[in-house]
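Structure first, commentary second.
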Amino acid sequence: MVQFKALLAKPWLWSFLGALGVWLITIAYTGGHGAGGMIAAALALAQFTVIVGIGQMFVITLGPGNVDLSLPANIGLASAVAMKVMDGSDSMVAIGLLAALACGMAIGATNYLLIWALRIPPIIATLSASFIIQSADISYGRGLQIKPPPGFADFTNLQFFGIPVLAILTAVFSVAAGIALHRMVYGRSVLAIGQNIRAAWLAGVRVGRIRAVTYTLSGALGGIDGALLAGYFRGANVDIGNEYLLASLAVVVIGGTSVAGGKANVPGIWGAALFLVLLLTMLNTIGVSAGIRLLVTGLVIVAVIAAAGGQSAQR
């Protein structure tokens, strides 16, 4: 009984239970048709949200006010850069991925540079950066008709016994992120800064360096996500990352990471991503309009934040 109560106390469990509940409702509505395919499709879409969600999680864990709003523009620009560099050739895939990674890292580093040099809140710095990046993306990527290399496109859509290979690799990366967060000096420093930035500084944590690395990491994950999305959807698009601003924030909150900082949860990112994808699938199956889908998603996020705030107050 004690172990069962301890399990229920895990914040990541509720996101998975929510995903399971939505899936059961959907297959009940469809009479059980396409249950397995729905899971495979959910994994295929959730994997992209998980990648950027982990980056956003590290940023938010730094403490109140820390957030990366440049991710959608970052994803869009990186997708165009990757496709331009690959130029439809399988021999250029590795270089294209490196170019997308470098593009994302440069954006992430610039975000922190704006925060540090101008002494402005991260929400303002990253939002301002997103407008600049989007302008560059429109100039560079608008009308770009280059398709991804066939081998790269096939890889991003490859499945192993019905499970997307990219989702398996993303799960491996998630495990590494969890280890880095709780077992490595960098991750513990992020948690310490989020819990009390002054105490962390007095304890010898190089706050500025850790924050710079974290924003660069978020940018890098946005960049690689853009390249993978371009491969999966068979081409770059200026608007390809638009949905990932709300999604990256939602999976962090629903997954059990504290918006006040100092507390992060990697498994919950997966549960929340699957929950959101399956929720949208259920609403689409029922025939709900796009406006209602956004309203429901927003209400879910507000409800989770309210519940988390209530628990914090009790503690």
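FYI, it's all coordinate maths here, none of it is from the lab. All of these numbers come straight from a predicted model, not from anything done at the bench. Note that we place each Cβ from the backbone using ideal geometry, even for glycine, and neighbour counts take in every protein chain shown.
A few comments on the model shown:
- The string of couplings for segment 75-87 from the Karplus curve (6.51, -1.76, 1.60, θ = phi - 60°) is 4, x, 5, 5, 5, 5, 4, 4, 5, 5, 5, 5, 6 Hz, one whole number per residue in order, with x for Gly and Pro.
- For GLN159, the residues 5 or more places off, or on other chains, whose built amide H falls under 5 Å of its own are VAL165.
- Residue-wise HN-Hα couplings along segment 244-256, as the Karplus relation 6.51 cos²θ - 1.76 cosθ + 1.60 with θ = phi - 60° gives them from phi, are 8, 6, 4, 5, 5, 6, 5, 5, 5, 5, 5, x, x Hz; Gly and Pro carry x.
- Normalised convex hull volume, the chain, alpha-carbon set, Å³ per residue: 152
- Per-residue HN-Hα couplings for segment 126-138 [Karplus 6.51, -1.76, 1.60; θ = phi - 60°; Hz; x = Gly/Pro]: 6, 5, 5, 4, 5, 5, 5, 5, 5, 5, 5, 5, 5
- Segment LEU294..ARG188, full-extension length gain: 34.6 nm, with 0.36 nm per residue of separation and the alpha-carbon distance subtracted.
- Ranked by how many other beta carbons lie within 10 Å on average, peptides 239-248, 273-282 from highest: 273-282, 239-248
- Leading residue at positive end of dipole, segment 63-195 (Cβ point charges), from VAL93, LEU113, ALA192: ALA192
- Nitroxide proxy distance, nm - points 7 Å out along Cα→Cβ at PHE131 and LYS84: 2.3
- Order of PHE131, PHE16 - criterion: other Cβ atoms within 10 Å of each residue's Cβ, fewest first: PHE131, PHE16
- Since only GLY204, MET57, GLY178 are under comparison, the one whose Cα sits farthest along the positive direction of the charge dipole of the chain, derived from C-beta charges on Lys, Arg, Asp and Glu, is GLY204.
- Likely footprinting exposure, TRP270, TRP201, TRP14, fewest C-beta neighbours within 10 Å first: TRP201, TRP14, TRP270
- Computed magnitude of the charge dipole of the chain (debye, nearest 20; Cβ of K, R +1, Cβ of D, E -1): 1000
- For the chain, calculated [θ]222 nm from helices alone, where every DSSP H run of n ≥ 4 adds -39500 (n - 2.57): -25500 deg cm²/dmol
- Put in line by how crowded their Cβ is, counting other Cβ atoms within 10 Å and starting with the fewest, SER174, SER135, SER79 read SER135, SER174, SER79.
- A simple charge model with +1 on the Cβ of Lys and Arg, -1 on the Cβ of Asp and Glu and nothing else charged puts the dipole of segment 162-315 at about 640 debye relative to its Cα centre.
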